[in-house]
Amino acid sequence: MQDRTYTADAEPGDDVTVAGWVHEIRDLGGIAFLILRDTTGKIQIKFEKDEMDDELVETGLDVSRESVVEVSGAVEEEPRAPTGVEVTPESLEVVAPADPELPLDPSGKVDADLSTRLDNRTLDLRKDEVQAIFEIRSEILRAVREQFREFRCTEINTPKIVATGTEGGTELFPITYFGEEAFMNQSPQLFKQLIAGSNVERVFEIGPIFRAEEHNTPRHLNEATSIDFEGAFCDHTDAMDVVEGVVRAAYEAVAENCREELEALDLEAEFDVPDEAFPRISYEDAIERINATGELDEQLVWGDDLSTEAEKALGDDVGGHYFITDWPSEIKPFYIKDHDDDPELSTGFDLMHPRMELVSGGQREHRHEKLIEGFEQQGLDPDQFEYYTKMFKYGMPPHAGFGLGGERLIMTLLDLDNIREAVLFPRDRQRLSP
Ligand code: ATP
Ligand code: AMO
């Protein structure tokens, strides 16, 4: 297939070989058309029954939809063809026939539920609007990487099989590692800190995180893609600047480079890059604002975590991305540093989209003694984390970072109803294959 031409590159006057899937066959009597689809688009193949070799016409028109065919012929201008050109075939080969009974219709004329779509992802991805999501995902990850590089970060990869959890003991997947208990990593948290404490200083990682969330929601996955940052000599405000830079870079890249994909998703009119700086609202102000909306049955008091309803009330009130800063120390993990002048208040922050949380982050506790105290306060055994804590004795600079949920970024950016739409092969309570 070396001489294969993408359908989008077929120009009038060319002799081409195109290859792809049979999207549709329209037989109008004396004339019939096969619409061939490849990754770049579609092209019309014309069959004039009286003027063409019978066998060629028969092969071309009997082939079932979604079969793979290869067609060679001359490209001509044809204003009535969907793309303005058509191919008059000289030869046609059925490379891989498709069973006429398809589990879902890639032309999208018949709707399929999400579960059927995920069971048949190959067929589902033949739809323009589904392909568009993953083209945009790829562009977002490219833009995010580039932005991190501009922030002088080094891309790292940390282990996914680990000895300890970091984000609360209940959400770990245990595995057996040569007879010893091990876990799937919930977050690269401790590893990225260990590297920020070296000369590497500023790091980012885009990789899987595993969470044994019991509940099935449209915004939780059991395997998600985390976009992590950690920087030495950074405080929480610097980390928020990096979050904002990265999220903005994703939106700008999509606006600039994904017009066709946005069109396929019917989003070209409504897609906007956030124009204002993301407001930074303290936790204290956030609970006051939420209470003032009158949307909650019970008023929030200082120290409460924010429920989904509370987040929704505030999201509707703010109307765009915003940070919640200065959370109570008690509800943030051991590695988050408290404010020096008020130990009740942490430097932890979240970035919120009106629909949901996108990011958690903060400045880290870099003082060895305080770190050990933090473990004890949260009922964790510091001995289990010795591989981590001991490095805090050998010159650990102040540092800060965050974790951004990759699929949540894509989901909110594209206004997808369900986070599973943003993953090729999602893992949830009910789904372990494909
Ligand atoms: P022509 O003389 O251009 O081949 P026709 O009217 O003799 O056209 P028909 O078999 O009657 O051929 O065409 C049936 C329908 O197909 C008509 O509505 C015609 O406009 C349309 N049609 C014909 N050729 C093309 C083409 N190359 N691309 C798209 N539509 C076409
Ligand atoms: P946290 O646990 O808040 O923080 O996770 C960071 C972000 O990851 C995304 N996320 C998820 N997305 C889909 N499904 C899930 N089950 C899921 N769990 C988390 C969310 C969330 O905001 N170590 C800290 C980060 C840090 O401080 O650097 C952490 O993991 O978008």
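Remarks
- Rg over Rh for region 211-306 works out to 1.04, both radii taken from alpha-carbon positions and Rh defined as the Kirkwood radius.
- Zone of Phe134's modelled label, taken as backbone nitrogen in region 58-79 under 20 Å from a point 7 Å along Cα→Cβ: 66-69
- Backbone N within region 47-68 under 16 Å of label point (7 Å from Glu101 Cα along the Cβ vector): 65
- Asp15-Thr293 FRET efficiency (beta carbon distance; Förster radius 56 Å; 0.05 resolution): 0.25
- Relative to the current alpha-carbon distance between Glu373 and Thr217, full extension at 0.36 nm per residue lengthens the span by 52.6 nm.
- Full extension of the chain between Glu51 and Asn257 gives 69.8 nm of extra length, using 0.36 nm per residue less the Cα-Cα distance.
- Label-point gap, in nm, between Asp235 and Arg152 - each point 7 angstrom along Cα→Cβ: 1.9
- Sequence-ordered 3J(HN,Hα) estimates for region 101-109 from the Karplus curve with 6.51, -1.76 and 1.60 and θ = phi - 60° stand at 8, 9, x, 8, 9, x, 6, x, 5 Hz, glycine and proline given as x.
- Shape of region 258-409, Cα gyration tensor, a/c cut at 1.5: oblate
- Å² of accessible area per residue within the chain, as computed with a 1.4 Å probe and no ligands counted: 49
- Whole-Hz Karplus values for region 217-231 come out as 10, x, 10, 10, 10, 8, 10, 10, 9, 9, 9, 10, 9, 8, x Hz, taken residue by residue from phi with 6.51 cos²θ - 1.76 cosθ + 1.60 and θ = phi - 60°; glycine and proline positions read x.
- Selection among Leu92, Val57, Ala81 by position relative to the dipole of region 14-96 gives Ala81 as farthest towards the positive end (Cβ unit charges, Cα centre).
- The chain - percent of accessible surface contributed by carbon and sulfur, probe 1.4 Å: 45
- This model, with +1 at the C-beta of Lys and Arg and -1 at the C-beta of Asp and Glu, gives the chain a dipole about its Cα centre of some 1420 debye.
- Debye intensity ratio I(q)/I(0), log10, the chain, q values 0.08, 0.10, 0.12 Å⁻¹ (C-alpha model): -0.58, -0.81, -1.02
- Degrees separating the helix 128-150 axis from the principal Cα axis of the chain, which is the longest one: 40
- Taken about its Cα centre, region 175-284 carries a charge dipole of about 500 debye when Lys and Arg each add +1 at the Cβ and Asp and Glu each add -1 at the Cβ.
- Ranking Asn291, Leu265, Gln384 by Cα position along the charge dipole of the chain, where only Lys, Arg, Asp and Glu carry charges on their C-beta atoms, puts Gln384 farthest toward the positive end.
- Peptide packing for 53-64, 253-264 was compared via the average number of neighbouring C-beta atoms within 10 Å per residue; ordered from the highest value, the list is 253-264, 53-64.
- Taking 30 Å as the limit for the C-alpha separation, the pairs Lys332/Lys390; Lys160/Lys312; Lys127/Lys192 exceed it in the case of Lys160/Lys312; Lys127/Lys192.
- Across the chain, the mean sequence separation of Cα contacts (distance under 8 Å, 6 or more residues apart), normalised by length, yields a relative contact order of 12 percent.
- The three principal axes of the Cα atoms in region 14-96 give end-to-end lengths of 31, 30, 22 Å, sorted in falling order.
The values are calculated or read from the model by the stated rules, or taken from the named source; none is laboratory data. Since we're looking at a predicted model, the values are computed, not measured. Note that we place each Cβ from the backbone using ideal geometry, even for glycine, and neighbour counts take in every protein chain shown. Surface accessibility is based on the protein's heavy atoms, side chains included, excluding ligands, DNA and RNA. Shrake-Rupley method; radii C 1.70, N 1.55, O 1.52, S 1.80 Å.
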